[in-house]
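Taking it in order: structure first as structure tokens, then the write-up.
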Amino acid sequence: MKVSKKNMLLIALGVAIVGAFLYLAFPVDPKVAFIQADIAKDHSRFTPSESIDVAMAMKMVLHEPPQMLNPVGKQPVLLLYPPSEQDLAKLSGE
């Protein structure tokens, strides 16, 4: 079968019409794609496998109560700046 110029033009016109329809039906906008990527990142925060807050709210994670690692007792006196005359005398060995 021989393809004529008329048939080639009709095929090209049909492809152009279908392409235009697809372009209008499914627009590709980089701003929309960027926003959708941000939304996907935001939604990933709310999956229990990726969010410790959600996992704790669903009681999927257990934790031990906090413990004080530094024992309660008399702490050494800290040196304040500038030191007083008495502190300077103690530090100087007088």
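Bear in mind these aren't lab numbers, they're just calculated from the coordinates by the rules spelled out. For clarity, every value in this text was computed on a predicted model and none was experimentally measured. Virtual Cβ from ideal backbone geometry, glycine too; neighbours counted across all protein chains shown.
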Of every Cα-Cα pair in segment 47-92, the percentage lying beyond 15 Å is 69
Taking a straight Cα-to-Cα line shorter than 22 Å from Lys41, and setting aside same-chain lysines fewer than 8 residues away, one finds Lys31
Mean shadow area (nm²) of the C-alpha convex hull around the chain is 19.4
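Sorted by packing (mean other beta-carbon atoms within 10 Å per residue), highest first, where do 32-41, 60-69 land?
Values: 32-41: 10.0, 60-69: 6.7.
The packing order, highest mean first, is 32-41, 60-69.
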